[in-house]
Amino acid sequence: MRFRSKLSKRYKVTTDFSHNFEVVLNLFMKRLLTISLFVLITKISFGQNKSFSVNGKLIDFDTKQPIEYVSVAIFKLPDSTLVTGCVTNSKGEFNIANLVNGKYFIKANFIGYENAIRQVEVNGSSVNIIEPIMMKPAVLTIGEVTVTGTRSEKQQNIEKTTINVAKNIASVSGNITDVLKGQPGINIDNEANVYIRGNILILSA
């Protein structure tokens with residue numbers, strides 16, 4: 001009886017210890033899981049809130065010189081939503097900040113140049129475009145041009161001076177003296193005598 005009693009007590013102690021250990025272990029695992037989840041959520045939240053930037057430089061395709069005051073806009077892919085933009089400085093450099101992870105394309109626009117487009121991807125760090133983006137000068141294309149000329153009222157050469165009466169409103173009256181009036185070097189007196197540089201001109205019918 002005594003042996004059975006001692007054995008029963010030892011078994012009870014062992015059972016209680018195992019149960020307590022299991023409870024402690026379960027509690028520890030629950031706390032560890034809670035801490036792990038908290039760290040993971042914090043990390044994800046920090047990664048989502050963190051912003052990055054895209055840096056680059058724009059130069060002329062022919063001269064290789066930097067281009068100032070270029071309008072640089074960045075669009076989100078795949079829906080081409082405008083995110084933000086900036087203007088290049090005197091060195092042709094641009095810096096677009098406050099970007100989150102994702103795929104984008106950059107569009108540079110300036111008068112006298114063709115648009116320049118470059119795709120970039122932000123993935124956990126800022127992007128520095130090492131190779132300068134070249135902008136090609138725009139080629140101005142002029143369509144067909146029609147030139148309409150009119151004959152001058154007076155044409156001069158070495159031998160003679162020709163007056164185009166069709167361009168003179170005085171010709172409507174049909175009087176030649178009215179046409180000659182006002183012409184340089186020609187004078188007409190009250191008797192309708194015509195003088196060219198002081199010499200009388202005899203008009204024949």
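Values in this text are rule-based calculations from the coordinates and carry no lab data. A quick note: this is a predicted structure, and the numbers were derived from the prediction, not measured. Because the Cβ atoms are built from the backbone with ideal geometry, glycine has one as well, and the counts that use them run over all protein chains shown.
Please go through region 65-100 and give me each residue that is part of a loop (DSSP other than H, G, I, E, B), closer than 17 Å to M134 by Cβ and without any contact (Cβ under 8 Å) to a residue 40 or more places away in the chain, ordered by number. Q65, E68, T88, K91 - these are the residues of region 65-100 that are part of a loop (DSSP other than H, G, I, E, B), closer than 17 Å to M134 by Cβ and without any contact (Cβ under 8 Å) to a residue 40 or more places away in the chain. Taken over region 92-133, residues that are closer than 17 Å to F61 by Cβ and of a type outside the set (F, W, Y) amount to 16.
If the condition is being part of a loop (DSSP other than H, G, I, E, B), surrounded by 13 or more Cβ atoms within 10 Å (Cβ to Cβ) and within 15 Å of the chain's Cα centre (by Cα), then region 101-121 contributes F110, E114.
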